[in-house]
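The values are calculated or read from the model by the stated rules, or taken from the named source; none is laboratory data. What you are looking at is a predicted structure, and each value in this text was computed from that prediction instead of being measured. Quick reminder, even Gly has a Cβ in these numbers, built from the backbone with ideal geometry, and neighbours come from all protein chains shown. These accessible areas exclude ligands, DNA and RNA; they are computed on the full protein's heavy atoms, side chains included. Shrake-Rupley method; radii C 1.70, N 1.55, O 1.52, S 1.80 Å.
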Amino acid sequence: MKPIVRIAFRNTQRQRKRSFLLGGAIAFGVLVITIINAFTAGMIVNVKNNFSFIAGGHIFISGKELSDSGRVITAINDTAIVDESLKLVEPFVKKVNKRSSSLAQLIFGSWETNHTIEGVDWQKEEELAAKLVITDGSLEGLAKPNAMVLPKPIARRLGVVAGETILARLSTITGQQNVGEFYVTAIVEDQTNFGATSAYVHLDYLNDLLSLNSGSYQMILLFLHDMATMDQVSNVIYGYLKEHAEVDPRVQLDLYMGSNKKEDAEKEEEIYEAERKVMAQIFGGGYMNDEEPWEGTKFAVMTLNDFMQPVMAMVGILNTVALVVFLILLVIIMVGITNTFRMILIERTREIGTMRSFGMQQKDVRNIFLWEAVFIGLGGALSGLFLAWVIMTVVGFIKLDGYPVLQFFMNNGHFTFLIQPASVIMNLLILLVMTLFAAYMPARAAARLRPADALRAHY
Amino acid sequence: MAIVELDNVKKVYPLGKTEVQAVKGVSFTIDKGDFLCIIGPSGSGKSTILNMIGCIDVPTEGRVIIAGKDTGKLNDFQLTELRHQVLGFIFQSFNLIPVLNVYENVEFPLLLGKSAMSKAERSEWINYLIDAVGLADWRRHKPNELSGGQRQRVAIARALATKPQIVLADEPTANLDSKTGETIIELMKKMNSELHTTFVFSTHDSSIMAVADHIIRLQDGLIVENVHRSAGGNGRNPSEAAVKP
């Protein structure tokens, strides 16, 4: 080890209490930012995961056709094209689900409300059943073909409890009115907190009510092995469908950390319109067809990322607040470092004179101070990371039941912390740069001391 | 052959709004292998002259030539290099680096610049110096675990580490009891005769004067006596070969 590095390292141990306090302050800052970043990153994954079970997949392909009368029918009859497109991405796909949905008027006694009903194959979608947080009734009633699982806000609005029967008025795909009777087997929390939890019913029963052809479906939903491949896989599918059939423009939302690339108001309007149409198509809302007529099935492809805007916006704010807190903490710590190094400069003036007299160059004197600051900064940062890891591991072990609203942000009742190397490295770099900056002035002053004056010092 | 040459050197320090003339025009030479004592009362300019010979201070006027180089014409980097290559220092209060042990303190000057020695040669040389100053059993001890005399021995070994041509010692025995002081002087004298290193002292210590072969007496920033004695002189009669300025 170079002598200046060795001296700098040992200097950190001269006033252990002082180094410990400085390092401790740095550790605290790093601990806070690391935990918040890991928490938000874990939360995004959990929300996506939980949402994917509720929505039925990571990628959603829906189709619409034009009837002879010019009416838009939500259905995929041309299944061959979709099957071909899926072959291209087969290695990435874990599971394929099919769902139907409709915006229905739910009626109970004199109360009524509009909500989305989704037809689910409960045999295949056992993860959905596992993720639902039941507040009343149970899923045993799913044995009945007309069983329904109702989200709590809707149940409250209708004044219905588990075990009762409600009516649902909806339109068939050809536009005729139809009414179905549903047995409410369970009432569940709306874990999305923004009303996106549908009322779930049996797929076959809903298909009957919608008068869908046998073998056709409204929506195909893909679960991927790795969520990170979501955009890549959806692009491949979209590319294939675009080449072989009509497609709706993709909702190109760049949602991460609020870095929305919308350029102008016109573009924004266009994206909003596309988003509204596809959302309506997937979740069964109606909209006026104002498009040019087309032949065959017109496809739309969406991914989970497209729904994540509210969550990502919240995470973005949380991360920004954490960064600001971290920077404020750092500024306070840096004032401490500057003061400490000024003190050190006074304490070691004679020692600096001695080293200079033996032939140590100015830059080496400066570097001793800077290395010492780096060691304190790194020591504090690594301790902070270790402590954060300990806290995150302990908190991760705790199972939190009884907070249904929080369940959507958790993984089976556990908070997940996902340490992101890139953000850890960035925080460490910010810390190191600021530490060096704080120590630089005293270091330069030390280097500029005249050896004769330094040796005369009596401290 | 002169290794140090001072030519009409003056040094003025600003003191508030006034100026203090610490050295008022001093000229002398020091030969290679000299064991020189600069003596004089406090404030006579001993330390100032020592600092100028040590290249840690420069004269206000006049020339200081060390190993053929005019220090007034060198910048800080060159002066530092000159100190590293030509000079060694021994201080009154030892000035060891507290975080380094005995071995590392002695090794320290060798690690500062380019060294011709290999790692093995360096280690052998440091061990030789530590043995020579009688601290073989204290190699791994930190300065705060040593007595004053032991610390000054480390300082002597450190001053000799780079095999300097000149060692400057500013009152090296002032913080030691007389017995330890004498041992230290003997050690330096031994190094002077074995390694032919030039020693320049500023001191009040009569036992150093007794073994010196060149004595310069200062008063009020001027030389009042410059005495050369034959090597190995007992110092009982320093007036022989005296050169009055």
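Scanning the range A:13-36 for residues that are open to solvent by 20 Å² or more (accessible area, probe 1.4 Å) and not hydrophobic (A, V, I, L, M, F, W, C) yields A:13, A:14, A:15, A:16, A:17, A:18, A:19, A:24. Count of the range A:354-373 residues, restricted to those that are open to solvent by less than 40 Å² (accessible area, probe 1.4 Å), assigned to a helix (DSSP H, G or I) and within 9 Å of chain B (Cβ to nearest Cβ), is 5.
Checking each residue in the range B:76-98 for being surrounded by 21 or more Cβ atoms within 10 Å (Cβ to Cβ) and more than 10 Å from chain A (Cβ to nearest Cβ) picks out only B:90.
Of all residues assigned to the range A:48-62, none qualifies as being more than 30 Å from residue A:226 (Cβ to Cβ) and at pLDDT below 80.
Okay, residues lined up against (1) open to solvent by less than 20 Å² (accessible area, probe 1.4 Å); (2) modelled with pLDDT of 70 or more; (3) more than 30 Å from residue A:198 (Cα to Cα); (4) outside the structural domain of residue A:227 (by TED's automatic domain parsing):
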site: A:288; (1), (2), (3), (4): no, no, no, no
site: A:292; (1), (2), (3), (4): no, yes, yes, no
site: A:319; (1), (2), (3), (4): no, yes, yes, yes
site: A:337; (1), (2), (3), (4): yes, yes, yes, yes
site: A:352; (1), (2), (3), (4): yes, yes, yes, yes
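Residue A:90 falls short on exactly one of the conditions (1) at pLDDT 85 or above; (2) charged (D, E, K, R); (3) in contact with a strand residue (DSSP E or B) (Cβ under 7 Å, 6 or more places away or on another chain), and that condition is (3). Checked against the criterion of being among the aliphatic types (A, V, I, L, M) and in contact with a Leu (Cβ under 7 Å, 6 or more places away or on another chain), the candidates A:439, A:422 yield just one match: A:439.
Would you confirm, using the coordinates I've provided, whether residue B:51 is within 12 Å of chain A (Cβ to nearest Cβ) and either open to solvent by 30 Å² or more (accessible area, probe 1.4 Å) or more than 22 Å from residue B:22 (Cα to Cα) (or both)?
Criteria not met by residue B:51.
For the range B:99-116, the set of residues classified as modelled with pLDDT under 85 and either more than 9 Å from chain A (Cβ to nearest Cβ) or over 21 Å from the mean Cα position of the chain (by Cα) (or both) consists of B:114, B:115, B:116, listed by residue number. In the set B:73, B:32, only one residue is surrounded by fewer than 24 Cβ atoms within 10 Å (Cβ to Cβ), more than 14 Å from chain A (Cβ to nearest Cβ) and within 21 Å of residue A:448 (Cα to Cα); that residue is B:73.
Being without any contact (Cβ under 8 Å) to a residue 40 or more places away in the chain and either open to solvent by 40 Å² or more (accessible area, probe 1.4 Å) or within 30 Å of residue A:245 (Cβ to Cβ) (or both) is true for just one of A:112, A:140, A:164, A:90. Which residue is that? Explain how you work it out, then say what you get.
Details: A:112 fails: without any contact (Cβ under 8 Å) to a residue 40 or more places away in the chain; A:140 fails: without any contact (Cβ under 8 Å) to a residue 40 or more places away in the chain; A:164 fails: without any contact (Cβ under 8 Å) to a residue 40 or more places away in the chain.
It is A:90.
For the range B:130-142, the criterion of a residue being more than 18 Å from residue B:53 (Cα to Cα), modelled with pLDDT of 90 or more and touching a Pro at 6+ places or on another chain (Cβ under 8 Å) is satisfied by at least one position.
The criterion of at least 3 residues that are over 18 Å from residue B:98 (Cβ atoms) and open to solvent by 10 Å² or more (accessible area, probe 1.4 Å) is met by the following helices (runs of 4 or more DSSP H) wholly inside the range B:133-211: B:178-195, B:206-211. Of the helices (runs of 4 or more DSSP H) contained entirely in the range A:398-459, those carrying at least 1 residues that are within 14 Å of chain B (Cβ to nearest Cβ) and surrounded by fewer than 18 Cβ atoms within 10 Å (Cβ to Cβ) fall at A:421-448, A:451-456.
When the helices (runs of 4 or more DSSP H) confined to the range A:1-116 are screened for residues that are within 14 Å of chain B (Cβ to nearest Cβ), those reaching at least 1 such residues are found at A:3-11, A:16-55. Restricting the range B:118-132 to residues that are under 23 Å from residue B:33 (Cβ atoms) and open to solvent by less than 50 Å² (accessible area, probe 1.4 Å), the residue that is farthest from the other protein chains (Cβ to nearest Cβ) is B:132. Looking at the structure I just gave you, is residue A:301 under 39 Å from the mean Cα position of the chain (by Cα), assigned by TED's automatic domain parsing to the domain that holds residue A:443 and either within 30 Å of residue A:21 (Cβ to Cβ) or open to solvent by less than 70 Å² (accessible area, probe 1.4 Å) (or both)? It is false that residue A:301 is under 39 Å from the mean Cα position of the chain (by Cα), assigned by TED's automatic domain parsing to the domain that holds residue A:443 and either within 30 Å of residue A:21 (Cβ to Cβ) or open to solvent by less than 70 Å² (accessible area, probe 1.4 Å) (or both). When the range A:143-161 is limited to residues that are crowded, with 20+ Cβ neighbours inside 10 Å and small (Gly, Ala, Ser), the one that is nearest to residue A:311 (Cα to Cα) turns out to be A:155. Within the option set B:11, B:24, being within 14 Å of chain A (Cβ to nearest Cβ) and either surrounded by fewer than 21 Cβ atoms within 10 Å (Cβ to Cβ) or within 29 Å of residue A:363 (Cβ to Cβ) (or both) holds for one residue only, B:11. Considering the conditions (1) in contact with a helix residue (DSSP H, G or I) (Cβ under 6 Å, 6 or more places away or on another chain); (2) β-branched (Val, Ile, Thr); (3) farther than 20 Å from residue B:7 by Cβ, residue B:56 is excluded by exactly one of them, (3).
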